[in-house]
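All remarks here apply to the structure that follows.
The values are calculated or read from the model by the stated rules, or taken from the named source; none is laboratory data. Here the structure is a predicted model, which means the values were calculated and not measured. So basically every Cβ, Gly included, is an ideal-geometry build from the backbone, and we count neighbours across all protein chains shown. Please note that ligands, DNA and RNA were not included when accessible areas were found on the heavy atoms of the full protein model with its side chains. Shrake-Rupley method; radii C 1.70, N 1.55, O 1.52, S 1.80 Å.
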Amino acid sequence: MTDRTRTSPVPARLEWPSPLAFIAYALGIAVLVWSLDGTGWSLSELATGLPALADFFSRAFPPSLERLPSLSTALVETFQMAIAGTTVGALISVPLAIFSARGQLGTRWINTLARGTVAVFRTVPDLVWALIFVIAVGLGPFAGTLAIAVDTAGFCGRFFAEAMEDVDKGPAEALQAQGVRRIDTIFCAVIPAASPAFITTTLFALEKAVRSSVVLGLVGAGGIGLELKVAMDMFDYPTAATIILLIFGLVVIIEQAGNYTRKRVLDGH
Amino acid sequence: MTVAAVRLAEFEPVAPRTVDLAVDGLAACYAKRDPVFSGVSFTVGRGEAVALVGANGAGKSTLLKCLMGFVSPADGKVSIFGRDLSSLKSGELRQLRSGVGFVAQKHNLVPRLTALSNVVHGMLATSSGPRNWLQALAPAESRRCALAALDRVGLADFALRRVDSLSGGQSQRVAIARALVAEPRLVLADEPAASLDPTAGEEVMEVFARVVRDTGATLIFTTHNLGHALAHAERIVGLRGGKLALDAHTRGMVAARLRGLYD
């Protein structure tokens, strides 16, 4: 029988952090406390506000169906903004991703330019884009659609590029070994392999766009958001409740459809 | 007896033919490490089938990458169809590669596409553009050629099957069809049967060697399977310890005598 007796000590379950890691943790906690304090975080104020919240709900219910036809039209417009903006943005993001993905196409200068464009599109909030496009093309859903398109181009551009960088290089190399042009290998080997990621990212962008298009209405960029703002400003809480329920229903439908499609795509269909 | 001695004493020397590939004093190394191999010289004649053998790390795959222009040699030169690869600009190299078919150890097919689309991609070197990106868009001639290539490897009935639903052997045969669809003059293969079970490996090598032979193309393939080398190559080029240790005809050669390459 072999002797299984250990002579070395049993290792500790948890190791003490290094001094540097300890400072980093402490700094992280300090920033969190500072942020909570700076934003006036107060449980007592939250408790004080609860009756007002209860008052809102009591006045909002039952929701008013009086303006349902016009609200439905605004909801459809919101959906159209999301669909059109996401599609246009996703299409714009494909060339941006091709040029910004490492090791795909273009010179270093073009790569930097493409990556910079994607970064600008992504870092500027959609609400700011909406304000800019309202100035450019006036109030209405077109401004909102443009804002969603730019925001989606930034969102998808980054994730499409990452998906293209992550695909198996073998198929592209096999084609290149036979003298196939780089642009052909991208469209034949890289993009088809990255297509599940493209589709799932676009679906996430669509869900994001539906939520965004509600907010964009608040700055006059079309959709049901404007109706919600008017209802809240007029203290017409029953109508506001109807709008909130309509938005909730639309978001849930889009998310369920997205989940179903994503599952089908990831299962290989 | 050493492999070098075997080469000189027992095997039939290589007779000259029209040269498709010439390797002259080739050396390759990665980063600033010791060379993977050095001083490697051999030629391959038109229509010849050559097996490149050697132990793991001997430099077979690196040599193949040098032949494709993917790895720049540290010394020496490679000429394909009489053109020195080091003197070619990228466009010229691509043009030259359009006369070369390549089969990798892993089939390297695009998984979500059909077998026919993957084979149509093999036409892109000679016919670039969106029409050959998918079989559904491809010109009738491309589709006909691709289907004929699939037929030659016995997979015409699987043309519209997604390649991720095919077995390993079938996938490798699709890769062979893709490599041969544009009728290359030179076919390079990096252990084309290594990822398959012995039966599928035999089938794939049989189909591969036959189809290449039928097209009259020159074939260079690496393998660890000495049976495949002896059965499907006219010549064996062996690497050992970073040097060319063997270059001889397979006629009369037996696998046991090549073990020295793996010592």
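Quick notes
- Pairs of C-alpha atoms in segment A:68-266 farther apart than 21 Å represent 56 percent of all such pairs.
- Accessible-area order (highest first, 1.4 angstrom probe) of the listed residues A:L175, B:L88, A:L27, A:L68: A:L27, A:L68, B:L88, A:L175
- The calculated FRET efficiency for A:F57 paired with A:L14, based on their beta-carbon distance and R0 = 56 Å, is about 0.75.
- Distance between segment B:155-173 and segment A:26-86 - C-alpha centres, whole angstrom: 54
- Against the criterion of solvent-accessible heavy-atom surface with a 1.4 angstrom probe, B:F37, A:F142 sort, most first, into A:F142, B:F37.
- Rolling a 1.4 Å probe over the heavy atoms of the protein chains gives segment A:110-269 an accessible area of 43 Å² per residue.
- Positive dipole terminus of chain B, leading residue within B:F102, B:I176, B:L85 (C-beta point charges): B:L85
- Computed accessible area, A:Y260, all protein chains, 1.4 angstrom probe, square angstrom: 150
- Simple point charges give the picture: +1 on the Cβ of Lys and Arg, -1 on the Cβ of Asp and Glu, and for chain B a dipole about the Cα centre of about 560 debye.
- Exposure of B:C29 as accessible area (Å², to 10), given a probe of 1.4 Å and all protein chains: 40
- If you wrap segment A:92-200 in the convex hull of its Cα atoms and look at it from every side, the mean projected area works out to 7.4 nm².
- In this Cβ point-charge picture (+1 for Lys and Arg, -1 for Asp and Glu), segment B:147-263 has a dipole of about 320 debye about its Cα centre.
- Residues along segment A:169-215 losing 40 Å² or more of accessible surface when the other protein chains are present rather than the chain by itself (probe 1.4 Å): A:P171, A:A174, A:L175, A:A177, A:Q178, A:G179, A:V180, A:R181, A:D184, A:F187, A:C188, A:P192
- Test item: Cα-centred dipole of the protein assembly as shown, Lys/Arg +1 and Asp/Glu -1 on Cβ, debye: 1380
- For the residues B:S98, A:S213, a 1.4 Å probe over the protein chains yields an accessible-area ranking, largest first, of B:S98, A:S213.
- Probing with 1.4 Å while keeping every protein chain in the model, the per residue accessible area of chain B equals 43 Å².
- Along segment B:35-52 the Karplus relation, 6.51 cos²θ - 1.76 cosθ + 1.60 evaluated at θ = phi - 60°, assigns HN-Hα couplings of x, 5, 8, 8, x, 8, 9, 6, 10, 10, x, 4, x, 6, 10, 10, 9, 9 Hz to successive residues, with x for each Gly and Pro.
- Charge tally for B:R94 (other residues, Cβ to Cβ under 12 Å; Lys, Arg +1; Asp, Glu -1): +2.
- Accessible surface of chain B [probe 1.4 Å, protein heavy atoms]: carbon and sulfur percent: 51
- In summary, segment A:1-137 shows an alpha-carbon radius of gyration equal to 1.96 times the 2.2 N^0.38 Å reference for compact globular proteins.
- Reciprocal mean inverse distance between Cα atoms of the protein assembly as shown - Kirkwood radius, Å: 28.1
- Rounded to two decimals, the Cα radius of gyration of segment A:145-247 over 2.2 N^0.38 Å is 1.63.
- Inverting the pair-averaged 1/r between distinct Cα atoms of segment B:124-263 gives 16.6 Å as its Kirkwood hydrodynamic radius.
- Cβ-based charge dipole, segment A:1-156, positive-most Cα from A:P141, A:A84, A:S100: A:S100
- Interface size, chains A and B: roughly 2100 Å² of accessible area buried, both sides included, 1.4 Å probe, rounded to the nearest 100.
- Only one residue of A:C156, A:G116, A:A193 has its Cα farthest out toward the positive end of the dipole of chain A, where Lys and Arg carry +1 and Asp and Glu -1 on Cβ, and that residue is A:A193.
- Summed side-chain charge close to A:R122 - residues other than A:R122 whose Cβ falls under 14 Å, Lys, Arg +1, Asp, Glu -1: 0
- Other residues with beta-carbon under 14 Å from the beta-carbon of A:R102 carry, at +1 per Lys or Arg and -1 per Asp or Glu, a net charge of +2.
- Cα gyration tensor, segment A:123-163 - rounded (a/c under 1.5), prolate or oblate: prolate
- Quarter the surface of the alpha carbon convex hull of chain B and you get the mean projected area, 14.0 square nanometres.
- Entries in A:K169/B:K60; B:K32/B:K77; B:K32/B:K60; A:K263/B:K106; B:K65/B:K106 that, when Cα-Cα distance is taken, lie over 26 Å: A:K263/B:K106
- The solvent-accessible area of A:S70, taken with every protein chain present and a 1.4 Å probe, is close to 50 Å².
- Share of carbon and sulfur in the accessible heavy-atom surface of segment A:122-269 [1.4 Å probe, %]: 69
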